[in-house]
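Input: a single structure, listed below in structure tokens.
What follows draws every value from the coordinates through simple rules; no lab data is involved. Fair warning: this is a prediction, and the values are worked out from it, not measured in the lab. Methodologically, a virtual Cβ is constructed for each residue, glycine included, from the backbone with ideal geometry; neighbour enumeration extends over all protein chains shown.
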Amino acid sequence: MARYNGSACRICRRENLKMYLKGDRCHTDKCAIERRPYPPGQHGQGRTKFSEYGVQLREKQKVKRLYGLLEAQFAGYYRRASSKKGKTGENLLKFLEQRLDNVAFRAGFADTRNEARQLVRHGHFQVNGRKVNIPSYQVRPGDVIEVREKSRRIVRINEALEAIERRGLVPWIELDKKAFTARVKAEPAREDITMPIAEQLIVELYSK
């Protein structure tokens, strides 16, 4: 299955949620969901009523698109989450949050997760002093993510770091802007994920 290459704004409108997939644009009056707060398509403004399955499916699609994953990748994370002790839904969100591309985004090195994923793939980051170019790499408490020396002049990285105050830094990451480093202090807690996500609906969907 190919990765989605269409309009990011259509995804936000489809899920009826501002997911900040386009970075700075989402904070302006050009944001599509602010101008057209209804699903895209010919019947987008019609009344939409979902079945129980439909509600569960939409929640899964929302989270999958928020983190930019393919269906098989997302299902794999769910299997790992269900086999780990604890609440499956919370385990799932922790696995997604601890992806290297998401941590780079959360630390402020990129304006969007998609941009962070591209930077990781192009080899602009090191983890504990070693170059890592795998976006799905799972970081752990104590890991230090660093922008490589030759990559610190990249304009987009510097612009994203300057805008981190507006977006806010999560409490489980410690950022040193001058050194271009971020340290993972702990595993992300459920309350640190402020995006409205009903993970129990995803668990119910996969439990059918």
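Tell me, Ile197, Ile134, Ile202 in order of fewest to most beta-carbon neighbours within 10 Å?
Values: Ile197 19, Ile134 12, Ile202 25.
The fewest-first ordering by Cβ neighbours comes to Ile134, Ile197, Ile202.
If I model a spin label at Leu169 and Gln118 as a point 7 Å from the Cα along the Cα→Cβ vector, what separation in nanometres do I get?
2.5
Could you work out the local net charge near Val120, counting Lys and Arg as +1, Asp and Glu as -1, over the other residues with Cβ closer than 12 Å to its Cβ?
Values: positive: Arg99, Arg113, Arg117, Arg121, Lys131, Arg148; negative: Asp101, Glu115.
In short, +4.
Can you give the FRET efficiency for Asn133 and Lys185, using 1/(1 + (r/R0)^6), R0 = 30 Å, r = Cβ-Cβ distance, to the nearest 0.05? Walk me through the intermediate numbers first.
Values: r = 24 Å, r/R0 = 0.81.
After rounding to 0.05, the efficiency reads 0.80.
Per 0.36 nm of contour for each residue apart, how much would the distance between Ile154 and Lys177 grow if the chain were fully extended, relative to their Cα-Cα spacing? Please report the intermediate quantities before stating the final value.
Working: separation 23, 0.36 × 23 = 8.28 nm, distance 1.40 nm.
Between Ile154 and Lys177, full extension yields 6.9 nm more.
For Phe125, list long-range residues whose amide hydrogen, built 1.01 Å from N in the peptide plane, is under 5 Å from its own amide hydrogen.
Correct list: Val132, Arg148.
Can you sort Leu205, Leu93 so the residue with the fewest Cβ neighbours within 10 Å comes first?
Numbers: Leu205 17, Leu93 24.
Ordered by Cβ neighbours within 10 Å, fewest first: Leu205, Leu93.
Enumerate the calculated ³J(HN,Hα) couplings along the stretch 122-139 in order (Karplus 6.51 cos²θ - 1.76 cosθ + 1.60, θ = phi - 60°), each rounded to whole Hz, writing x wherever the residue is Gly or Pro.
7, x, 8, 10, 10, 10, 6, x, 10, 5, 10, 10, 10, x, 7, 3, 8, 7
Beyond a 30 Å Cα-Cα separation, which of these cross-linked pairs lie in this structure: Lys131/Lys208; Lys62/Lys185; Lys64/Lys131? The partial results should precede the final answer.
Details: Lys131/Lys208 41 Å; Lys62/Lys185 28 Å; Lys64/Lys131 27 Å.
The pairs that break the limit, which is 30 Å between Cα atoms, are Lys131/Lys208.
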